Amino acid sequence: MPVGYSSGAAERAWKAQIMSAVPVAPVTHAGGGLFADFRIAPPTAKSPGYDLDNLLDPMFSVMINSRGWFGGRRPNLRWVAARKKAAGETGVYLAVLEDPPDLWVESRVEVGLDNVYHDHLPNLAAVADYTTWVQRHMVRRLPSGPVGIEIDFADNHVNLGDVGTGRAKVLIDGMWPVLGGQRGAPDDRRVAALILRKGIADLGGTMAIKAVRLP
């Protein structure tokens, strides 16, 4: 069953399952990024499940660091796409692709934020200023239910594989005005679909970010 990082014996068992299913990377492959489609146990009050970005880390650890995909280096990922959905049979479907798939239909979602950020990419120390920007540019706080987030970075050197403490983690945590929750404790467990891309030209800023309520 999929689990997030820092979950002890459960994480080690999950990594062993991934290891048995993922082959050693070929010398070359055409894919620019990785799509991970998680099927998780239905959440409960006592067992709410893991955040989507936390689910990605054990999978990166095995597929990239151990099995050698993307040259064995997480910074080589040009994009990452992931989603999670409750299901009776748990697991993950993995695909190395040239371009990320569409994870939602634009005409069927409710937009909470869709804007271009012009300042330097925020780190953890500067997240308060970024959150102020979110509050100023958000359309609305998204109603309860699953959320999709898409972030395009102009910088080609952002490490998309650093999902635990990297840029994307800071940006998602700072979106609590849209997601709900509070400063330092965003309701990011709602994020059920995530698309990260880097090296995107003509953004008109350092990044473009979108948050939507999924149907």
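Computed over the Cα atoms, what is the radius of gyration of the range 1-158 divided by 2.2 N^0.38 Å, N being its residue count?
Values: Rg = 17.4 Å, N = 158, 2.2 N^0.38 = 15.1 Å.
Cα Rg divided by the expected 2.2 N^0.38 Å: 1.15.
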*Expressed as a whole number of Å, what is the distance separating the alpha-carbon centroids of the range 148-192 and the range 11-89?*
17
*Taking the chain and dividing mean pair separation by its residue count, relative contact order in percent (alpha carbons under 8 Å, at least six apart)*: 27
*If amide H atoms are built 1.01 Å from N in the plane of the peptide, which residues on other chains or at least 5 residues away come under 5 Å of the amide H of Asn115?*
Ile209
*the range 79-215: percent of C-alpha pairs farther apart than 19 Å?*
50
*Inter-label distance, nm, simple model (7 Å from Cα along the C-beta direction), Leu124/Ala45*: 3.3
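For the range 9-97, take N as its residue count and report Rg(C-alpha) divided by 2.2 N^0.38 Å. Kindly include the intermediate steps, with their values, before the conclusion.
Numbers: Rg = 13.4 Å, N = 89, 2.2 N^0.38 = 12.1 Å.
This ratio for the range 9-97 stands at 1.11.
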*FRET efficiency estimate (nearest 0.05) - Cβ-Cβ, Ala21 to Ala201, R0 41 angstrom*: 0.70
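Read-outs: derived from the displayed coordinates by stated rules, not from any lab. Quick caveat, the model's predicted, so the values are computed rather than measured. Glycine gets a Cβ as well: all are built from the backbone with ideal geometry, and neighbour counts include every protein chain shown.
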